[in-house]
Amino acid sequence: MFDITAAIVVYKNDLKTLQKTMDSFLNTDLNVMLYIVDNSPSDEARCACKSDKIKYIFNGKNLGFGAAHNIAMDQMIEKSKYHLVLNPDIFFERGTLDSLYAFMERDKTIGLVMPKILGFDGKVQHLCRLLPEPCNLILRRLNLKYLNALFGAENDNHKLGFTNYDRIMEVPCLSGCFMFIRCGALKKIGFFDERFFMYMEDFDLSRRIHKCYRTLFYPGAIAYHEHTRGSYKKLSLLLRHILSSVRYFNKWGWFFDKERERINRETIDRVKNSH
């Protein structure tokens, strides 16, 4: 039985950056196994996967983020206590995994935890969210000054920016760049919803885990994220993001979602009272 397994889905990624991410994960005395699930058209990443602690899976085609991660989850689900969904542009110091592992071991009600994520500039990335409403995503996408002036406070509230990200917080929506998940939670609620080819699948999975377990932000551990925000630069990725957003709101509700209203209200109250 592994203490932690992890999976990184790659698609034509820079191998030097990928190597740094793999080294970050493997730099621990815990019993770990890393899955590299390659959606690229060629298997160039295979040459970076020589360690006996790495299993390389070549798909030969782009199956999408969630579907590719599900391949690794299906293989590891009976073999590990915890599973880490990890982006190929995340780096962290030795001891980070040990800290997260110990944190989860102390409280069996936690299903998912995310550490504090910093950019390479040292600034905190606001990756804790309330459950999204359509207006949140529209405002983020348009990013117009006059709209930001009108709704900036609401957007900051959505990202829990008022907390300064300096405390443990229970939040329903955590980024897919670093999802440290209890395998028992995955057995109970299932894997990624493969209807989301790319984008929003992390929000969906986080929400489903939150319904049965605590989903926490833990600033006692830190990771660094390049965070390229590809959908802001490529039209094809923007269209993917829009399609996934439509599918997300079709699944959970657009403007009338009583569960979302309740969870978001409880989250704000809980976070403010914990200060």
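Per-structure values
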| quantity | calculated |
| --- | --- |
| Selection within the stretch 1-18 - in contact (Cβ under 8 Å) with a residue 12 or more places away in the chain, more than 24 Å from LYS79 (Cα to Cα) and in a loop (DSSP other than H, G, I, E, B) | TYR11, LYS12, ASN13 |
| Failed condition for ARG229, given (1) under 16 Å from the mean Cα position of the chain (by Cα); (2) surrounded by fewer than 16 Cβ atoms within 10 Å (Cβ to Cβ); (3) modelled with pLDDT of 95 or more | (3) |
| Of the criteria (1) in contact (Cβ under 8 Å) with a residue 24 or more places away in the chain; (2) under 25 Å from GLY190 (Cβ atoms), which one LEU118 fails | (2) |
| Unique residue being under 18 Å from the mean Cα position of the chain (by Cα), surrounded by fewer than 21 Cβ atoms within 10 Å (Cβ to Cβ), closer than 27 Å to LYS188 by Cβ and of a type outside the set (Asp, Glu) when the list is ILE57, ILE71 | ILE71 |
| Any hit, the stretch 239-247, residues being of a type outside the set (Asp, Glu), in a loop (DSSP other than H, G, I, E, B) and without any contact (Cβ under 8 Å) to a residue 24 or more places away in the chain | no |
| Pairs, first touching a residue at least 40 places away in the same chain (Cβ under 8 Å) in the stretch 53-81, second in a strand (DSSP E or B) and of a type in the set (S, T, N, Q), C-beta under 8 Å, six or more apart | ALA72/THR5; MET76/THR5; LYS79/THR5; SER80/THR5 |
| Options LEU18, LEU30, LEU63, LEU34: the member that is more than 21 Å from the chain's Cα centre (by Cα) and modelled with pLDDT of 95 or more | LEU30 |
| Test: residue in the stretch 142-162 that is over 22 Å from SER274 (Cα atoms), modelled with pLDDT under 95, assigned to a helix (DSSP H, G or I) and touching a Gly at 6+ places or on another chain (Cβ under 7 Å) | no |
| Filter result for the condition that a residue is exposed (fewer than 15 other Cβ atoms within 10 Å of the Cβ) and of a type in the set (Gly, Ala, Ser), over SER42, SER24 | SER42 |
| Residue list for the stretch 191-224, filter: free of Cβ contacts under 8 Å to residues at least 24 places away in the same chain and either hydrophobic (A, V, I, L, M, F, W, C) or surrounded by 17 or more Cβ atoms within 10 Å (Cβ to Cβ) (or both) | ARG208 |
| Selection from the stretch 68-103 of residues that are part of a loop (DSSP other than H, G, I, E, B) and of a type in the set (Phe, Trp, Tyr) | PHE92 |
| Lone unmet requirement of (1) of a type outside the set (D, E, K, R); (2) at pLDDT 95 or above; (3) surrounded by 14 or more Cβ atoms within 10 Å (Cβ to Cβ) for ALA102 | (3) |
| When residues of the stretch 19-67 are limited to those that are part of a strand (DSSP E or B) and either of a type in the set (Phe, Trp, Tyr) or touching an Asp or Glu at 6+ places or on another chain (Cβ under 8 Å) (or both), the one nearest to PHE2 (Cα to Cα) | VAL32 |
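The values are calculated or read from the model by the stated rules, or taken from the named source; none is laboratory data. Because the structure is predicted, anything quoted here is derived from the model rather than measured. Reconstructed Cβ throughout: ideal geometry from the backbone, glycine too, with neighbour counts over all protein chains shown.
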